[in-house]
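The structure appears right after this line, and notes come after that.
The values are calculated or read from the model by the stated rules, or taken from the named source; none is laboratory data. Just so it is clear, the structure is predicted and the values come from calculations on it, not from any experiment. FYI the Cβ positions are ideal-geometry reconstructions off the backbone, even for glycines, and counts take in every protein chain you see. Note: accessible area is taken over every heavy atom of the protein model, side chains too, but ligands, DNA and RNA are not part of it. Shrake-Rupley method; radii C 1.70, N 1.55, O 1.52, S 1.80 Å.
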Amino acid sequence: MALIDLKKREIYCKIVYYGPGRSGKTTNLLYIYNALPDKFKGKLLTIETKGERTLFFDLLPLSLGKIKDLDIRLQLYTVPGQAIYKPARKVVLKGADGVVFVADSLRIRREKNKESLQDLKEHLMEWNMDIHEIPLVFQYNKRDLGEMGIPILSIDELQADLNAELQAPYFEAIAPKGVGVFETLKTISKMSVRYIAEKYLKQG
Amino acid sequence: MGALILTPEKVTRLEKLLEDYLISAGVSLALLIDEAGNILVSQGSSREVDTTALAALAAANFGATNQIAKILGEEDFSILYHKGKKDNIHLSKIREDLILVTVFTDEVPLGLVRLKVSQLAKELEKV
């Protein structure tokens, strides 16, 4: 659910990075955060449990551009990917205006990707959101591991597993090096802002 | 779920309500936030408080507590209260999608905060 503040002339847009544990969601956010100059970003908030995994979310308000003379502020969140944090993931998804699904290219993570996508669909449904309607981008992360001789899934396989029906935009990525990170962010931001504008600002 | 659209008039009215009911009662900081953790309006001196982070965490805290309530067979818990050495925080659900966050010191009695919050909640329903 977007928040439009006509007094401050700002639109707040919540984007959630979703995906199985260790797929690279936090790495995406850290890369974005470190790459941006201070004037574009707020404080990065990380809550960690033992083992340095994200328990709740990272939050990164960014300011980018304008729409109908309203400033856009993006708030980026990640969810804890590990299975036991299911309720926490549901909480973070509440009010999301866009979702990036970070999939793990490792072949051994194939089932985890599918389970996580199913989990996303269910949680969205619980908040009365439809995965077919909400802006969604896939990011196929860890593409460099193939070159190191580690078995990874082909893009065709990832597409068939996750995106065959949804037909959402997708990007190949190597998150620690920033490959595909900003392309993913740019696309989901554009889609989310367009979604909000079409849904809520038509009459405006 | 629709978007919350805040017109300047609405913001002014909400700010005045927070001021009249909470700040004038001695509360140091009052935020009205939505369920996604966005700040609708805020009033009071925030010192060095990062209100954006506070709002996001407060919303998440509420969401988490909501899940705890479900485990216990409750619909939800409508009030959360955390007591600190200096500052205390009171979170209260206003309607389905709004949360009122109130930060206050020990000089302000909790009972007064609860009374003011419940009076304010009734007023907020009308906005």
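Rounded to the nearest 5, what is the percent of antiparallel bridges among the DSSP beta bridges in region A:87-204?
Details: 2 of 11 bridges.
Bridges in region A:87-204 that DSSP calls antiparallel: roughly 20 percent.
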Output the relative contact order of chain B, whole-number percent, from Cα pairs under 8 angstrom with separation of 6+ residues. 28
Which of the aspartates and glutamates could a cross-linker span from residue A:190 if the Cα-Cα distance has to be under 16 Å and same-chain partners fewer than 8 positions apart are dropped? A:10, A:69, A:71, A:97, A:133, A:198
Treating cross-link reach as a plain straight distance, find the aspartates and glutamates whose alpha-carbon is under 18 Å from the alpha-carbon of residue B:86, omitting any fewer than eight places away in the same chain. B:48, B:50, B:106, B:107
Tell me the carbon and sulfur percent of the accessible area for the protein assembly as shown, rounded to whole percent, probe radius 1.4 Å. 54
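Count charges around residue B:96 for me, please; just the other residues with Cβ under 13 Å from its Cβ, Lys/Arg as +1, Asp/Glu as -1.
Working: positive: A:94, B:93, B:95; negative: B:34, B:35, B:75, B:76, B:97, B:125.
Value of the local net charge: -3.
So how do B:62, B:77 rank on accessible area, 1.4 Å probe, biggest first, that is with the largest at the start?
Numbers: B:62 15, B:77 70 Å².
If we order B:62, B:77 from most to least accessible, we get B:77, B:62.
State to the nearest 20 debye the size of the charge dipole of the protein assembly as shown about its Cα centre, where the only charges are +1 on K and R beta carbons and -1 on D and E beta carbons. Mind showing how you got there, number by number?
On the way: 46 positive and 44 negative charges, 89 e Å.
My answer is approximately 420 debye.
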Hey, got a sec? Which GluC sites (Glu not before Pro) in region A:82-162 land in a DSSP loop and have at most 13 other Cβ atoms within 10 Å? A:133
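Rounded if a/c is under 1.5, else prolate if a/b beats b/c, else oblate: with a ≥ b ≥ c from the C-alpha gyration tensor eigenvalues square-rooted, which is region A:66-130?
Details: a/c = 2.42, a/b = 1.74, b/c = 1.39.
Verdict is prolate for region A:66-130.
What's the total accessible area buried between chains A and B, using a 1.4 Å probe, rounded to the nearest 100 Å²? Mind dumping the intermediate values first?
On the way: alone 10490 and 7430 Å², together 15460 Å².
Buried area between the two chains comes out at roughly 2500 Å².
Based on the Kirkwood radius over alpha-carbon pairs, what is the Stokes-Einstein translational diffusion coefficient of region A:97-204 at 10 °C with 1.306 mPa s viscosity, in µm²/s? Numbers along the way, then the final one.
Details: Rh = 14.7 Å.
Using the Kirkwood radius from Cα pairs, D works out to 108 µm²/s.
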Taking every DSSP beta bridge that has both residues in the protein assembly as shown, what percent is antiparallel when rounded to the nearest 5? 60
Check: C-alpha center region B:33-104 vs C-alpha center region A:24-41, spacing in Å is 26
0 to 90° range, to nearest 10: angle between helix A:181-200 axis and chain A longest Cα axis: 40
Work out Dmax and Rg for the protein assembly as shown from the C-alpha atoms and quote the Rg first, both in angstrom. 20.5, 67
